[in-house]
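The values are calculated or read from the model by the stated rules, or taken from the named source; none is laboratory data. This is a predicted model, so every value here is computed, not measured. When we count neighbours, we look across all protein chains shown, and the Cβ atoms used for this are built from the backbone with ideal geometry, even at glycine.
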């Protein structure tokens, strides 16, 4: 199931070569969203596995604003680099993981602007 979701995500991206960090976050994103929803044959009919293990809820208004692979401009201290949205961090602030296009490093941020394609 995770492999299927990861392949589906890779096919939606406009890149030919994927950096290692991007591949890792594709798998993380697939597992995150699979654990976000309760399974009909799971332990509890209404509580998700993510909620059971971490005792934290994912809120739609905080964690579902950005789509994986979208281009954004991340607002940091002195610069505003362009980045690719990877996945939510599932913290209370609603931060996301981003991959900087300039430095190819992971950025954790909750302040961004969506860029047109």
Would you say residue 79 is modelled with pLDDT under 80, loosely packed, with under 14 Cβ neighbours inside 10 Å and outside any helix (DSSP H, G or I)? yes
Any pair with Cβ under 7 angstrom, 6 or more apart, that starts in the range 43-54 at a residue that is in contact (Cβ under 8 Å) with a residue 12 or more places away in the chain and ends at one that is outside any loop (DSSP other than H, G, I, E, B) and surrounded by 13 or more Cβ atoms within 10 Å (Cβ to Cβ): 48/35; 48/36; 49/35; 50/35; 50/36
The correct count of residues that are at pLDDT 80 or above, surrounded by 14 or more Cβ atoms within 10 Å (Cβ to Cβ), out of contact with any strand residue (DSSP E or B) (no Cβ under 6 Å at 6 or more places or on another chain) and not in a helix (DSSP H, G or I) in the range 21-67 is 1
Counted residues, the range 82-117 - those being part of a loop (DSSP other than H, G, I, E, B) and over 23 Å from residue 10 (Cα atoms): 6
Against the definition (closer than 28 Å to residue 102 by Cβ and crowded, with 16+ Cβ neighbours inside 10 Å), how does residue 17 come out, yes or no? no
Can we say residue 4 is assigned to a helix (DSSP H, G or I), more than 15 Å from the chain's Cα centre (by Cα), surrounded by fewer than 12 Cβ atoms within 10 Å (Cβ to Cβ) and modelled with pLDDT of 85 or more? yes
Single match in 85, 74 (criterion: farther than 17 Å from residue 29 by Cα, touching a strand residue (DSSP E or B) at 6+ places or on another chain (Cβ under 9 Å) and either buried (at least 18 other Cβ atoms within 10 Å of the Cβ) or in contact (Cβ under 8 Å) with a residue 60 or more places away in the chain (or both)): 74
